[in-house]
Amino acid sequence: MIPNNFLLFVQLITILFITPGPQRILIITNSMNYGFPKSLWTGLGDVSANAIQMICATFGIYALMKPHPQILDTFKWIGGLYLIYLAIKFLRRKTSVTIDKTFGTRSAFDLFKDGFISALFSPGAIVFFVVMFPNFLDPNNNFILHFIILMTTHVLLDFFFLTIYAGVSSRIAIFLKNYPNLISRLSGCALLFLAYRILSTKINL
């Protein structure tokens, strides 16, 4: 009923969601400038764009996976190596947090558009969906149902953590300025472990 390695998927995206990145900084900024309730529109824009990316990426991949199931093993290695790349990037990253405190009047649609556009054209998100989702889907076993479960889980968890970032924006901003690299380095170590988990998973074709 549940997708392959579902708990591993949840662990992976949770690590990515708690790690400070452009979308997290954006919603912190909008929360501090326009208030918590209004900033949630930025989060809705983010997850809406991600849903579109997931649908396009996954069904493009399905067209390859269905006639060529052996390609799953290729995606396993690409996905594992991509996680190692992300881990190294997080471990080496020098995080710089800048909160723009330029106040003004902006509509909910403007804030939604902020989140939507910044997420839709994020190359990192697109690459993630292309190389990682195949590791949790089987083209011959409830593909559509499993995809819906993965997408729903991703959207709900992403919005949950965006809401937390927005809700405690001022405290998070201070923490990130005082310890800009701590979360990134912890996330890098965790991603290395998850990369090992994925690469060591046996795929039955």
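If the condition is being polar (S, T, N, Q) and crowded, with 17+ Cβ neighbours inside 10 Å, then segment 49-75 contributes 50, 53, 58. Tell me which residues, restricted to segment 127-148, are surrounded by fewer than 20 Cβ atoms within 10 Å (Cβ to Cβ), in contact (Cβ under 8 Å) with a residue 24 or more places away in the chain and assigned to a loop (DSSP other than H, G, I, E, B). Those that are surrounded by fewer than 20 Cβ atoms within 10 Å (Cβ to Cβ), in contact (Cβ under 8 Å) with a residue 24 or more places away in the chain and assigned to a loop (DSSP other than H, G, I, E, B): 138, 139, 140, 142. Looking across segment 95-114 at every residue that is under 20 Å from the mean Cα position of the chain (by Cα) and at pLDDT 60 or above, the one that is surrounded by the fewest Cβ atoms within 10 Å (Cβ to Cβ) is identified as 113. Against the numbered list (1) surrounded by 19 or more Cβ atoms within 10 Å (Cβ to Cβ); (2) without any contact (Cβ under 8 Å) to a residue 60 or more places away in the chain; (3) of a type in the set (A, V, I, L, M), residue 27 comes up short only at (2). Scanning segment 15-47 for residues that are within 26 Å of residue 199 (Cα to Cα) and either of a type in the set (A, V, I, L, M, F, W, C) or modelled with pLDDT of 95 or more (or both) returns 15, 16, 17, 18. Of all residues in segment 159-171, those satisfying the criterion of being over 17 Å from the mean Cα position of the chain (by Cα), modelled with pLDDT of 75 or more and part of a helix (DSSP H, G or I) are 167, 169, 171.
All conditions but one from (1) surrounded by 15 or more Cβ atoms within 10 Å (Cβ to Cβ); (2) among the aromatic types (Phe, Trp, Tyr); (3) at pLDDT below 85 apply to residue 193; the one that does not is (1). Can you name the residue in segment 5-20 that is crowded, with 18+ Cβ neighbours inside 10 Å and not aliphatic (A, V, I, L, M) and is also nearest to residue 76 (Cα to Cα) among such residues? Looking at residues that are crowded, with 18+ Cβ neighbours inside 10 Å and not aliphatic (A, V, I, L, M), I get 9.
The values are calculated or read from the model by the stated rules, or taken from the named source; none is laboratory data. Keep in mind the model is a prediction, meaning the values are calculated, not measured. All Cβ positions, glycine included, derive from the backbone under ideal geometry; neighbour counts span all protein chains shown.
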